[in-house]
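Heads up: the structure comes next, in structure tokens.
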Amino acid sequence: MDPRTRKRGIQMFELAMIVTLIASMICWMFSIEGSVRLMDHAIFKNRITQNILMSFLVYLAAWKFLEHPARRWPYALLAVIATYNILAIVPGRSGYVALGILIGLLMYQRLGVKGILPAVACIGLIGLVTYQHSERFQNRINQVVKEIREYRISNKSRSSVDLRLEFYGNGLQIAKSSHFMGSGIGSFAIKYRELMEQKGQVFTENPHNEYVMLLVQNGIIGVGLFLSFFWVSWQTTRGLTGIEQALGQAVLAVYLLVCMVNSLMLDTTEGCLFGYLVGLTLAGGIAGITVVQQEDHLKSTVDSLSQEEPAQEAA
């Protein structure tokens with residue numbers, strides 16, 4: 001509820017990601033692996049998690065730079081380095097998606113509807129330049145295209161993308177048995193194992209899609225409530241200002257869309273981060289409502305006292 005506490009909470013996340021960025025860049029520049037295997041220079045848990053979290057650092061740095069370009073030019077440098085880390089060093093494709101979403105959102109926040117076309121052009125240009133000059137990025141994109149094509153032809157899963165397609169298809173098949181209410185919270189693993197015993201395919205407890213997970217366990221009602229939560233939260237951000245409004249909308253946009261390719265609420269780090277950042281940003285709206293209520297109460301008290309004084313004088 002305290003503005004300074006919320007500001008410090010956001011700054012601590014920013015500091016944590018700067019430390020992660022520095023460590024990742026050092027490991028990349030000096031080819032540090034050591035006894036503990038670093039998964040593609042990812043310091044924070046794994047490449048998927050780090051790139052999603054790092055995309056928020058890019059957003060925060062870019063937003064702060066645009067607020068005061070002359071005084072905050074170091075944030076522009078930070079945003080460029082963090083973007084390079086996401087696209088060319090740590091090959092987490094979910095981070096590519098998150099970064100594209102945040103670039104588009106930032107331009108929309110700054111320019112309104114007029115910012116949509118420049119955002120598309122900017123994302124396309126960044127993607128094209130990176131594809132031409134980063135072998136790692138190029139390989140990751142080519143792998144996606146290759147796996148989708150091969151899955152359509154053979155329908156056999158081999159790696160991350162085609163496995164995800166298999167999980168989605170099987171999950172939707174399970175959901176048909178109880179599409180309205182779902183099979184119950186925590187039932188996905190049980191239901192999926194039963195189906196895999198029949199099909200002889202790879203078993204998983206995580207379909208890498210939050211909506212498929214919800215549809216199987218909680219049905220259409222669960223998915224509807226989940227989307228309603230995002231809608232109400234987005235409406236709440238409209239009453240905020242500054243970094244709290246901007247970051248709140250950024251978190252909601254990323255999680256709403258990236259949940260289509262990862263179970264972000266199921267994953268510990270991403271799920272906890274969502275609660276942390278949404279709590280920090282949306283609390284400003286609750287604090288604002290409380291202040292208004294206190295002012296209204298004070299005003300009503302003053303009005304009642306002013307009405308009592310003439311009555312006492314008349315008596």
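Give me the pairs, please: first residue somewhere in the stretch 50-74 and over 21 Å from Ile89 (Cβ atoms), second residue anywhere and part of a helix (DSSP H, G or I) and of a type in the set (D, E, K, R), beta-carbon distance under 8 Å, and either six or more positions apart or on two chains.
Leu66/Arg110; Arg72/Lys64
Filter the stretch 262-289 down to the residues that are of a type in the set (A, V, I, L, M, F, W, C) and crowded, with 19+ Cβ neighbours inside 10 Å and list them by number.
Leu264, Leu273, Leu277, Val278, Leu280, Leu282, Ala283
Any residue in the stretch 1-28 that is closer than 13 Å to Leu57 by Cβ and crowded, with 19+ Cβ neighbours inside 10 Å sitting within a Cβ distance under 9 Å of a residue that is modelled with pLDDT of 95 or more and among the small types (Gly, Ala, Ser)? List the pairs, counting only those 6 or more apart or interchain.
Met17/Ala82; Leu21/Ala82
Against the conditions (1) open to solvent by 10 Å² or more (accessible area, probe 1.4 Å); (2) farther than 30 Å from Trp63 by Cβ; (3) out of contact with any Lys or Arg (no Cβ under 8 Å at 6 or more places or on another chain); (4) not acidic (Asp, Glu), where does Leu227 fall short? Just the number, please.
Status for Leu227: all satisfied but (2).
So if I check each of Lys176, Lys191, which one is open to solvent by 40 Å² or more (accessible area, probe 1.4 Å), part of a helix (DSSP H, G or I) and either in contact with a Ser or Thr (Cβ under 9 Å, 6 or more places away or on another chain) or acidic (Asp, Glu) (or both)?
Residue meeting the stated conditions: Lys191.
Among what's in the stretch 247-261 and is within 28 Å of Leu165 (Cβ to Cβ) and touching a residue at least 60 places away in the same chain (Cβ under 8 Å), pick the residue that is most open to solvent (accessible area, probe 1.4 Å). Break it down into steps so the answer makes sense when it comes.
Going through the stretch 247-261, the residues within 28 Å of Leu165 (Cβ to Cβ) turn out to be 251-261.
Still in the list and also touching a residue at least 60 places away in the same chain (Cβ under 8 Å): 251, 253-254, 257-258, 261.
On the way: Val251: 1, Ala253: 18, Val254: 0, Leu257: 75, Val258: 0, Val261: 53 Å².
Ranking the candidates gives Leu257 first.
Any idea which residue in the stretch 207-224 is modelled with the lowest pLDDT, counting only those that are part of a loop (DSSP other than H, G, I, E, B) and open to solvent by less than 30 Å² (accessible area, probe 1.4 Å)?
Out of the qualifying residues, it is Pro207.
Residues that are open to solvent by less than 20 Å² (accessible area, probe 1.4 Å): list the helices (runs of 4 or more DSSP H) wholly contained in the stretch 44-150 that include at least 3 such residues. Break it down stepwise before answering.
Values: elements: 47-67, 73-84, 93-111, 116-133.
In the stretch 44-150, 47-67, 93-111 are the helices (runs of 4 or more DSSP H) which contain 3 or more residues that are open to solvent by less than 20 Å² (accessible area, probe 1.4 Å).
Report whether or not Glu244 is touching a Lys or Arg at 6+ places or on another chain (Cβ under 7 Å), surrounded by 21 or more Cβ atoms within 10 Å (Cβ to Cβ) and acidic (Asp, Glu).
Details: touching a Lys or Arg at 6+ places or on another chain (Cβ under 7 Å): yes; surrounded by 21 or more Cβ atoms within 10 Å (Cβ to Cβ): yes; acidic (Asp, Glu): yes.
Considered against the rule, which asks whether it is touching a Lys or Arg at 6+ places or on another chain (Cβ under 7 Å), surrounded by 21 or more Cβ atoms within 10 Å (Cβ to Cβ) and acidic (Asp, Glu), Glu244 comes out as yes.
Go through Arg140, Arg110, Arg164 for me and flag whichever is in contact (Cβ under 8 Å) with a residue 60 or more places away in the chain and out of contact with any strand residue (DSSP E or B) (no Cβ under 7 Å at 6 or more places or on another chain). Spell out the reasoning first.
Numbers: Arg140 fails: in contact (Cβ under 8 Å) with a residue 60 or more places away in the chain; Arg110 fails: in contact (Cβ under 8 Å) with a residue 60 or more places away in the chain.
None of the others qualify; the one that does is Arg164.
I'd like the full set of residues that are under 26 Å from Phe167 (Cα atoms) and in contact (Cβ under 8 Å) with a residue 60 or more places away in the chain, limited to the stretch 265-287. Give the derivation first.
Step one: of the stretch 265-287, the residues under 26 Å from Phe167 (Cα atoms) are 265-274.
Within the stretch 265-287, Leu266, Asp267, Thr269, Glu270, Leu273 qualify.
Any idea which of (1) surrounded by fewer than 19 Cβ atoms within 10 Å (Cβ to Cβ); (2) assigned to a helix (DSSP H, G or I) is the one Gly239 doesn't satisfy?
(2)
Open to solvent by 70 Å² or more (accessible area, probe 1.4 Å), more than 21 Å from Val261 (Cα to Cα) and of a type in the set (S, T, N, Q): is that true of Ser183 in this structure? Let's see the steps before the verdict.
Details: open to solvent by 70 Å² or more (accessible area, probe 1.4 Å): no; more than 21 Å from Val261 (Cα to Cα): yes; of a type in the set (S, T, N, Q): yes.
In short, no.
The values are calculated or read from the model by the stated rules, or taken from the named source; none is laboratory data. Here the structure is a predicted model, which is why all the values come from computation and not from measurement. Cβ coordinates were reconstructed from backbone atoms using ideal geometry, including for glycine residues, and neighbour counts include every protein chain displayed. Quick note on the areas: whole protein, heavy atoms, side chains included, nothing else; ligands and nucleic acids left out. Shrake-Rupley method; radii C 1.70, N 1.55, O 1.52, S 1.80 Å.
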